[in-house]
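The values are calculated or read from the model by the stated rules, or taken from the named source; none is laboratory data. These numbers come from a predicted model, not from an experiment. Please note: Cβ atoms are built from the backbone with ideal geometry, for glycine as well, and neighbour counts cover all protein chains shown. Remember, those area values only see protein heavy atoms, side chains included, never the ligands or the DNA or RNA. Shrake-Rupley method; radii C 1.70, N 1.55, O 1.52, S 1.80 Å.
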Amino acid sequence: MGPDPNRPGTDPAAKSRRTARRRRRPKPLRREVPLRRSLLLRLLAVSVIVSVCSVAATAYVVVRMTAVAIREEQGQALADDAKAYDALLGYAARHPDWSDVRGTVSALARRTGHRIVLTVRGQPRPVADSDPEPGIPFRPPAKPTAVIDPLAVNPDLLPRAAGDRIDPRAAGPFLLPRDERDDLGALAGRLKTCVERRTGVDVRIEREPSGRPRLLPPGVSATSACPAAALAEPTVTERKALAVLNTLVATCLTHRGESAVALSLDAGGRPVAEGRGAGRPQVSSCVASGRAEQLAPYVAPAAQLYVASPGRAATTFFALSPANKARIAGGAALVLLVTVAVTVLAGIRLVRPLRALTAAVQRLAEGDASAQVRVTGGDEIGRLSVAFNSMAGRRAELEQLRKAMVSDVAHELRTPLSNIRGWLEAAEDGVVDNDGNLLASVLEEALLLQHIIDDLRDLAAADAGELRLWKVPVQVADVLAQTANAHRAAADAGGVTLTVTADDGTLVDADPVRLRQMAGNLVSNAIRHTPRGGTVTLHSRAADGTVRIDVADTGAGIAPDELPHVFDRFWRAEKSRSRQTGGSGLGLSIVRKLAETHGGTVTARSTPGVGSVFRLTLPLLPETGDDG
């Protein structure tokens with residue numbers, strides 16, 4: 001008893017085909033990805049590197065900002081110290097002692113926010129303390145903030161100090177009494193009015209520490225004809241003080257073996273040496289020492305200035321102590337931990353859809369045409385999932401089309417081959433005579449078979465992009481006339497009227513052979529589907545940079561649900577696939593491919609019971625006119 005052909009798996013040929021298919025199947029993808037190639041591990045590595053770089057960059061920025069803050073705070077402290085030093089130095093220059101300095105110290109403390117303490121050597125208690133601690137005596141640091149001495153100014157804290165380091169506010173015996181100040185003030189006012197009237201320059205009066213007025217800008221009175229010499233004359237008080245200073249300077253120079261010099265007052269009322277030898281170093285030294293000796297009884301004694309934070313709390317900055325280092329390490333570790341945790345969660349969410357997509361791809365490779373993946377979001381992976389689903393659906397559609405194509409080709413080839421075989425078997429059996437009629441019938445079927453094969457070859461070449469075109473400027477009217485002449489006999493035989501209306505001078509860049517083939521396929525298709533007494537019309541016109549070739553017929557038309565499929569391969573309006581109307585079922589498909597190869601399109605519209613219109617649209621040559 002032989003194998004039952006109706007039972008699956010019992011046919012040896014089918015079993016052999018299944019074995020061959022299993023051998024051709026691709027090997028399944030590996031289920032596990034090596035750890036070193038894991039996307040999650042790579043994401044973690046990148047995250048750790050980024051985190052370390054971020055922590056390092058943050059630490060660097062913090063250190064830099066801390067250093068800048070320290071420098072700014074130090075600069076602010078230095079500025080506060082300079083303000084206190086200048087204010088107390090001015091007090092010392094105008095007072096012979098420190099008895100009334102407490103009010104000045106308190107005001108400075110409120111303005112700077114620091115504790116200010118002033119001490120004098122030889123005195124057990126500070127002469128002034130802005131924030132004394134009850135019951136706790138002040139213990140000065142080893143080094144004072146500054147030494148307040150108007151006769152020895154610190155140029156680092158007061159850059160505007162004079163070259164002899166004597167504070168210019170220390171007037172001493174050169175301080176003018178009220179009557180002399182009033183007289184000089186009135187004289188300066190008259191001189192100001194005179195100078196402004198003669199020069200047109202705005203002049204202002206400035207009082208020197210001694211009370212002597214001075215016109216500004218400097219030298220403005222010298223450019224006018226106003227009597228400025230009277231303002232420069234020393235007063236009685238200044239002459240007395242200047243005489244004492246001359247004596248002191250002369251004594252100093254005599255001790256050093258130098259010749260005496262004369263002293264006078266400059267425009268600001270300050271003593272200066274004049275005459276030959278005034279610029280000698282010994283003269284400058286003696287003048288400075290003489291001024292210091294003369295001013296000593298009129299200024300406060302040298303005092304030590306201490307500036308500190310309130311409550312004697314020292315200013316502290318961020319230090320890299322073990323505790324601070326531990327805090328930094330803990331903060332960095334916390335940042336790394338949070339970053340890694342977030343990265344793991346993000347990586348898991350990222351890898352999960354990728355694994356689902358990999359599984360779907362593996363199913364598709366194993367032959368499951370229905371493999372799909374669920375779209376979980378609108379990000380890149382979601383878009384990839386959508387693209388995969390579209391690809392899988394298109395693959396299933398193409399597989400179905402391929403099967404239908406094979407079935408259609410087999411069906412189309414079977415009919416002429418069956419006819420040829422039937423005629424030959426009938427001749428061999430003596431049923432029909434082996435004469436010219438037999439040869440004509442066999443030749444007709446062979447030509448039809450050759451026509452189908454040629455159409456399939458053209459479609460295959462067009463699909464592969466290997467269809468060669470020899471483009472030249474072509475007159476559309478000539479091509480349509482040639483096409484009509486070639487199909488005139490078929491139209492007359494079918495009782496169909498064939499007419500042509502075309503614009504003269506319309507040029508397209510096309511392959512003339514392929515253009516005639518497109519027009520001929522459309523015309524032959526229209527003639528076959530137009531009943532006796534009908535009309536087929538070829539019409540062309542230029543519009544919008546294109547040429548539109550219309551092939552209209554008065555046939556039965558095409559149903560609306562069938563119209564989208566007219567350019568499909570082997571499509572026929574007759575569901576029985578009858579060959580009574582002729583054709584291979586590939587003509588319209590070839591027209592669409594050739595039109596696309598020329599950069600054009602082909603469309604169809606139809607009204608059942610009225611007829612159909614097929615429009616071929618091709619681009620005009622650039623120099624061709626457009627009649628709209």
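Of all residues in region 84-142, which are β-branched (Val, Ile, Thr) and not in a helix (DSSP H, G or I)?
101, 116, 117, 119, 120, 127, 136
How many of the residues in region 493-507 are over 15 Å from residue 539 (Cβ atoms) and modelled with pLDDT under 90?
The number of residues fulfilling the criteria is 4.
Residues checked against (1) over 60 Å from the mean Cα position of the chain (by Cα); (2) surrounded by 19 or more Cβ atoms within 10 Å (Cβ to Cβ):
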site	(1), (2)
85	no, yes
95	yes, no
98	yes, yes
115	no, yes
154	no, no
169	yes, no
175	yes, yes
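So which residues in region 271-311 are buried (at least 19 other Cβ atoms within 10 Å of the Cβ) and not in a strand (DSSP E or B)?
283, 286, 287, 290, 291, 292, 294, 295, 299, 300
Pick from region 244-261 the residues that are among the β-branched types (Val, Ile, Thr) and within 16 Å of residue 292 (Cβ to Cβ): which of them is surrounded by the most Cβ atoms within 10 Å (Cβ to Cβ)?
So the residue we want is 249.
Identify the single condition in (1) within 30 Å of residue 231 (Cβ to Cβ); (2) open to solvent by less than 30 Å² (accessible area, probe 1.4 Å); (3) within 60 Å of the chain's Cα centre (by Cα) that residue 150 does not satisfy, given that it satisfies every other one.
(3)
Within region 597-611, which residues are of a type outside the set (Val, Ile, Thr) and either under 25 Å from residue 556 (Cβ atoms) or without any contact (Cβ under 8 Å) to a residue 60 or more places away in the chain (or both)?
599, 600, 604, 605, 606, 608, 609, 611 - these are the residues of region 597-611 that are of a type outside the set (Val, Ile, Thr) and either under 25 Å from residue 556 (Cβ atoms) or without any contact (Cβ under 8 Å) to a residue 60 or more places away in the chain (or both).
Considering every residue within region 246-256, establish whether at least one is of a type outside the set (Phe, Trp, Tyr) and either part of a loop (DSSP other than H, G, I, E, B) or within 60 Å of the chain's Cα centre (by Cα) (or both).
Yes; the residues of region 246-256 include at least one that is of a type outside the set (Phe, Trp, Tyr) and either part of a loop (DSSP other than H, G, I, E, B) or within 60 Å of the chain's Cα centre (by Cα) (or both).
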